[in-house]
C-alpha cells in the first residue's frame, strides 16, 4: 500500500476498479488512503473526486451518516478553478438531497 501513497492518482483509479469489481472494502480503504495523501499533497481536485466517490459508495451501502460527512466536505473544498470539480459538487448536492439518516 505504500506505493499507492506515492502515486495517489493511480491509487484513485485502482480504487474505482476495486469498487467496480465489487471489492468494496478494499476500494473504500484505498479511497481513504487517497484522501489522506491528497490532503498531505494539497491536491484539492483529487481530494474532491475521492471524497465524492467515497460518499456515493457509502450512500449506496446505506451508511448515510458517513456518506453525508464526505459529501459535505466535497462542497467545502476550495480550488482555484471551480470548474475542475463542478461535477463532484453537483453530484454531492444531488446525493445530499436524497433522504439520508
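Assorted remarks:
- Residues of region 24-51 that turn out to be surrounded by 14 or more Cβ atoms within 10 Å (Cβ to Cβ) and assigned to a loop (DSSP other than H, G, I, E, B), as a count: 1
- Of all positions in region 81-100, none carries a residue that is surrounded by 17 or more Cβ atoms within 10 Å (Cβ to Cβ), more than 10 Å from the chain's Cα centre (by Cα) and part of a loop (DSSP other than H, G, I, E, B).
- Exactly one residue out of 72, 16, 54 is surrounded by fewer than 22 Cβ atoms within 10 Å (Cβ to Cβ) and closer than 17 Å to residue 94 by Cβ, and it is 72.
- All positions within region 71-80 that are without any contact (Cβ under 8 Å) to a residue 12 or more places away in the chain and either touching a strand residue (DSSP E or B) at 6+ places or on another chain (Cβ under 8 Å) or part of a helix (DSSP H, G or I) (or both): 76
- Test result for residue 54, under 10 Å from the mean Cα position of the chain (by Cα) and either part of a helix (DSSP H, G or I) or under 18 Å from residue 96 (Cα atoms) (or both): yes
- Scanning region 57-70 for residues that are more than 8 Å from the chain's Cα centre (by Cα) and in a helix (DSSP H, G or I) returns 57, 58, 59, 60, 64, 65, 66, 67, 68, 69.
Readers should treat all values here as calculations from the given coordinates under stated rules, not as data from a laboratory. Every value quoted in this text rests on a predicted model; they were computed, and no experiment measured them. Glycine gets a Cβ as well: all are built from the backbone with ideal geometry, and neighbour counts include every protein chain shown.
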